[in-house]
1. What number of residues within the range 126-168 are in a strand (DSSP E or B) and open to solvent by less than 30 Å² (accessible area, probe 1.4 Å)?
2. When you check Ala212 against the structure, is it aliphatic (A, V, I, L, M), closer than 23 Å to Ala132 by Cα, over 20 Å from the mean Cα position of the chain (by Cα) and modelled with pLDDT under 95, yes or no?
3. Given the conditions (1) touching a residue at least 40 places away in the same chain (Cβ under 8 Å); (2) within 26 Å of Ala169 (Cβ to Cβ), and given that Thr199 satisfies all but one, which numbered condition is not satisfied?
4. Cβ contacts < 6 Å: first residue charged (D, E, K, R), restricted to the range 289-317; second residue open to solvent by less than 10 Å² (accessible area, probe 1.4 Å), any location; separation 6+ or different chain. Result?
5. Does Ala301 qualify as being modelled with pLDDT of 95 or more, surrounded by fewer than 18 Cβ atoms within 10 Å (Cβ to Cβ) and either of a type in the set (Gly, Ala, Ser) or not in a strand (DSSP E or B) (or both)?
6. If I ask for residues that are of a type outside the set (A, V, I, L, M) and over 20 Å from the mean Cα position of the chain (by Cα), which ones from the range 296-307 would you list?
7. I need the full set of residues from the range 219-254 which are buried (at least 23 other Cβ atoms within 10 Å of the Cβ) and more than 21 Å from Gly292 (Cα to Cα), in order please.
8. Return the only residue of Asn218, Asn206, Asn163 being without any contact (Cβ under 8 Å) to a residue 24 or more places away in the chain and over 23 Å from Leu126 (Cα atoms).
Amino acid sequence: MKQVVYVASPDSQQIHAWQLADDGALTLLQTVDVPGQVQPMAISPDQRHLYVGVRPAFGVVSYRIAQDGTLEEVGMAPLPGSPTHISTDLQGRFLFAASYSFNCVSVSPIGSDGIVTAPIHQVDDLQGCHSANIDPTNQKLLVPCLKEDRIRIFDLSQEGELNAHRPDAIAAVTGAGPRHMAFHPNQRFAYCINELNSTVDVLQINEAGEYATVQMLNAMPQDFTDTRWAADIHITPCGRYLYSSDRTASLLSIFSVSEDGSVLSLLAHHKTEAQPRGFNIDHSGRYVITVGQKSDQIEVASINADNGSLTTLGRYPVGKGPMWVSIVAFE
């Protein structure tokens, strides 16, 4: 399996494309100058396009991914607010853009050519919405709203319209600040990282597709007394290990996941790049790639299959203020 890692660096307005070798080494393939401060990224389900959100002229840029992993810009479309997080539905028909500062989520069609077009639908008054996450049925969109301490739930129509689901939200603990989400491979559990108290909520999905919180777990070391500032969360493809990041402590928290996905156990912490706003796990489940917003570096760490622990393999210089990692796989 061939893999390419894309890193977005907004302060230098660049995307760096890196070849990921089987042994975890990175080789720079391409540096792309982006028309704006590039922040969130998403890869199309068919692995053929990379979408990136930019500011201050709010928009999404579509890039075609060549067989060698290099990028070619093929389109740009407007967005109604500064993009904080972007994602697609599971069929690659729609792109969702969450805007924290503009309190909205928009829906943009993706053409048969893989290019994102202008939004056709927008939901407002989502206070501090931080991400937009399609659920395993491809019929619901979950939007963590940090300032509301809840995850809003919307039904997605075939035409790309979002309507409030009933019930319309999952409540978090007051002051938690829900931010990003990950789904277990068995599609029966989801996990949400809470920015303000650095906890992880475990959400069970019942047979009717409804969500209920079944566990909340502290992600930080017991002796941590500084300001909590959690950021990102990802699960390995096998579903055995979950990782989250905290920017103040510059660490990754390592959790084991029970076989059915219902219970997390905090195993350890891994010191990583300074202010790790973004990281990701490769498609083989062997490596964690983390970027430091304050170090301007990438760290590649190997995952111990027996206990989930991380071992740093290498560090690489990248653009300024890197904050997002996306990984494409070629068979």
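1. Filtering the range 126-168 down to residues in a strand (DSSP E or B) leaves 129, 133-134, 140-145, 150-156, 162-168.
If we keep only those that are open to solvent by less than 30 Å² (accessible area, probe 1.4 Å) too, we end up with 129, 133-134, 140-145, 151, 153-154, 156, 162, 165.
Total meeting the criteria: 15.
2. Details: aliphatic (A, V, I, L, M): yes; closer than 23 Å to Ala132 by Cα: yes; over 20 Å from the mean Cα position of the chain (by Cα): yes; modelled with pLDDT under 95: no.
Considered against the rule, which asks whether it is aliphatic (A, V, I, L, M), closer than 23 Å to Ala132 by Cα, over 20 Å from the mean Cα position of the chain (by Cα) and modelled with pLDDT under 95, Ala212 comes out as no.
3. (1)
4. Listed by first residue and then by second, the contacts come to Glu299/Glu273; Glu299/Thr290; Arg315/Glu299.
5. Numbers: modelled with pLDDT of 95 or more: yes; surrounded by fewer than 18 Cβ atoms within 10 Å (Cβ to Cβ): no; either of a type in the set (Gly, Ala, Ser) or not in a strand (DSSP E or B) (or both): yes.
In short, no.
6. Asn304, Asp306, Asn307
7. The answer is Tyr241, and nothing else.
8. Details: Asn218 fails: without any contact (Cβ under 8 Å) to a residue 24 or more places away in the chain; Asn163 fails: over 23 Å from Leu126 (Cα atoms).
The conditions single out Asn206.
The values are calculated or read from the model by the stated rules, or taken from the named source; none is laboratory data. Only a predicted model underlies this, so the values are computations on that prediction, with no experimental measurement involved. Methodologically, a virtual Cβ is constructed for each residue, glycine included, from the backbone with ideal geometry; neighbour enumeration extends over all protein chains shown. For the accessible areas, the whole protein counts, side chains as well, though only heavy atoms, and no ligand, DNA or RNA atoms are used. Shrake-Rupley method; radii C 1.70, N 1.55, O 1.52, S 1.80 Å.
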